[in-house]
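See structure below.
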Amino acid sequence: MKTIVVFYSRTNNTKLVANIISKMLKCDIEEIIDTRNREGFFGYIRAGYESTFKKLTVIKKTKYNSSKYDLVIIGTPVWAGLSSPVRTYLSKNKNLKKVAFFCTMGGSGDKRTFRQMEGLSKKPLATLTLTERELKTVDYQNKIKTFVDTIN
Ligand SMILES: Cc1cc2nc3c(=O)[nH]c(=O)nc-3n(C[C@H](O)[C@H](O)[C@H](O)COP(=O)(O)O)c2cc1C
């Protein structure tokens, strides 16, 4: 099965998970590059505003063509729901064949985020949530391995 991991990450938590998944699966990886400045207080507030009001942002042209893949594994940070860069990606990449979702978060909001992702694509084969606290423990990689085994 031709697989790609596609993710957005503002502060590298989701990136960490994305890299591990793509290494485990030896598959392509695509980082969604947002053109808006997300730094500092105003960057944070704007991010929250865009996700709350389901706004799109402007992302750079992607390297890989999602229609060439049997499975697209999509990762996002929870921003009180789906992050605007991943919302934008999913809006531009309709008709994905199979999908799986993962997210990182402070403590809650994954269910809503996955629901929003499903609304823009389809039912995922599996989902994975990692909290910031879990990412500091030694066995978060086992959780990633279980997710990968489910979809592989
Ligand atoms: C605008 C914004 C809203 C957020 N909302 C939530 C939230 O509702 N629930 C939560 O648990 N964490 C929330 N977070 C924390 C992030 O989900 C968490 O830090 C995540 O791991 C960041 O991923 P990243 O490093 O890949 O950007 C929010 C972060 C931002 C910037």
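The values are calculated or read from the model by the stated rules, or taken from the named source; none is laboratory data. Remember, predicted model here, so these are calculated numbers, not experimental data. As a convention, Cβ positions derive from the backbone with ideal geometry for all residues, glycine included, and neighbour counts pool all protein chains shown.
For the reader, a short list of remarks on this structure follows.
- Taken over segment 106-120, the criterion of being within 21 Å of Leu96 (Cβ to Cβ) and either in contact (Cβ under 8 Å) with a residue 60 or more places away in the chain or polar (S, T, N, Q) (or both) is satisfied by Thr113, Gln116.
- Hits in segment 46-79 (condition: within 14 Å of the ligand (Cβ to nearest atom) and under 30 Å from Thr146 (Cβ atoms)): Ala47, Ser51, Ile74, Gly75, Thr76, Pro77, Val78, Trp79
- Residues in segment 5-45 that are over 12 Å from the mean Cα position of the chain (by Cα), in contact (Cβ under 8 Å) with a residue 60 or more places away in the chain and away from the ligand (no atom under 11 Å from the Cβ): Ile20, Met24, Leu25.
- Residue satisfying condition, being more than 19 Å from Ile45 (Cα to Cα) and in contact with a Pro (Cβ under 6 Å, 6 or more places away or on another chain), within set Val99, Val72: Val99
- Test for Phe147: is it crowded, with 20+ Cβ neighbours inside 10 Å, touching a residue at least 12 places away in the same chain (Cβ under 8 Å) and not in a strand (DSSP E or B): yes
- Residue within segment 63-73 that is in contact (Cβ under 8 Å) with a residue 24 or more places away in the chain, touching a Leu at 6+ places or on another chain (Cβ under 8 Å), part of a helix (DSSP H, G or I) and of a type in the set (Val, Ile, Thr) present: no
- Helices (runs of 4 or more DSSP H) lying entirely in segment 78-137 (those with 2 or more residues that are more than 24 Å from Lys68 (Cβ to Cβ) and modelled with pLDDT of 95 or more): 110-120, 132-135
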